[in-house]
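Okay, structure first, notes after.
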Amino acid sequence: MSAAPHPSHQRVAAALRAAGLDAEVRELSESTRTAQEAATALGVDVAQIAKTLVFLADGRAVVVVASGVHRVDTGRLSAALDGATIGRADADAVRAATGYPIGGVSPAALPDGLVVLVDDGLRGQDPVWAAAGTPRAVYRTTYGDLLTLTGGRPVAVAAAPG
């Protein structure tokens, strides 16, 4: 007898279905806690991993979905948020804002009212792999579907290369 899916997997799967997306939550035996770990476990390029990060903008949680190869430029993020002061959210703030633990934050099934920005560095990646609520679960998606699923705003907040 197999174990029931983790509640976070069920939450993500329900959000995917509700959005009309044909994506399946996959539980892996390897960790997907970091973009590099996820890419290795899936056998894909790190650029195809959609990392979901939480920042504090003037003390309010903001979610940024970015390519695993990019670092978010807090100056660009501040500009995208009308000059807000940007800080990092700690593990407690991440869980409070999203309901997910660090290393498993999914862009799916986020609480209503949470600001979500999707970096356009993911635009050229197909497919994109995103976390599904735990540090060992992922689902396959696209840049466009991430925008639809999250209600997110496309932005350019990745640090300039070099």
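The numbers here are math on the coordinates, done by the rules we state, and not lab data. Remember, it's a predicted structure, so these values are computed and weren't measured experimentally. With ideal geometry, Cβ positions are generated from the backbone for all residues, glycine too; neighbour counts draw on all protein chains shown.
As an exercise, identify the trypsin sites (Lys or Arg not before Pro) in the range 11-97 lying in DSSP coil whose Cβ has no more than 15 other Cβ atoms within 10 Å.
Taking the range 11-97 and a limit of 15 other Cβ atoms within 10 Å, the loop trypsin sites (Lys or Arg not before Pro) found are R71.
For the range 106-112, just list the computed ³J(HN,Hα) in residue order, Karplus coefficients 6.51, -1.76 and 1.60, θ = phi - 60°, integers in Hz, with x standing in for Gly and Pro.
9, x, 8, 6, 7, x, 4
Please give, to one decimal in nm, the separation of the simple spin-label points placed at E30 and T148, each 7 Å out from Cα toward the Cβ.
About 3.0 nm separates the two model spin labels.
Please state the charge dipole magnitude for the chain, taken about the Cα centre, from unit charges on C-beta atoms (+1 on K and R, -1 on D and E), reported in debye and rounded to the nearest 20.
Dipole of the chain, to the nearest 20 debye: 140 debye.
Going by how many other Cβ atoms sit within 10 Å of their own, how do I86, I49 line up, fewest first?
I86, I49
Normalise the Debye intensity by I(0) for the range 7-155, one equal point scatterer per Cα, no solvent, then take log10 at q = 0.10, 0.13, 0.18 Å⁻¹ and round to two decimals.
Those come out to -0.29, -0.50, -1.00, one per q.
Please list, in chain and number order, the residues 5+ apart from V115 or on another chain whose amide H is under 5 Å from its amide H, with Hs placed from the backbone.
Under 5 Å from the amide H of V115: V63.
Do the sum for the chain: with -39,500 (n - 2.57) for every DSSP H run of n ≥ 4, divided by all residues, what is the mean residue ellipticity at 222 nm, to the nearest 500 deg cm²/dmol?
Rounded to the nearest 500, it is -7500 deg cm²/dmol.
In whole Hz and in residue order, list the ³J(HN,Hα) couplings for the range 119-132 that follow from phi through the Karplus curve 6.51 cos²θ - 1.76 cosθ + 1.60, θ = phi - 60°; x for Gly and Pro.
5, 6, x, 8, 3, x, 8, 8, x, 10, 10, 10, 5, 10
If amide H atoms are built 1.01 Å from N in the plane of the peptide, which residues on other chains or at least 5 residues away come under 5 Å of the amide H of V155?
V118, D119, D120
Among T134, T85, T34, rank each residue by its count of other Cβ atoms within 10 Å, from fewest to most, as a rough exposure measure.
Ascending number of Cβ neighbours within 10 Å: T85, T34, T134.
Quick check on the chain: of the DSSP beta bridges with both residues there, what percent are antiparallel, nearest 5%?
So the antiparallel bridges in the chain amount to around 65 percent.
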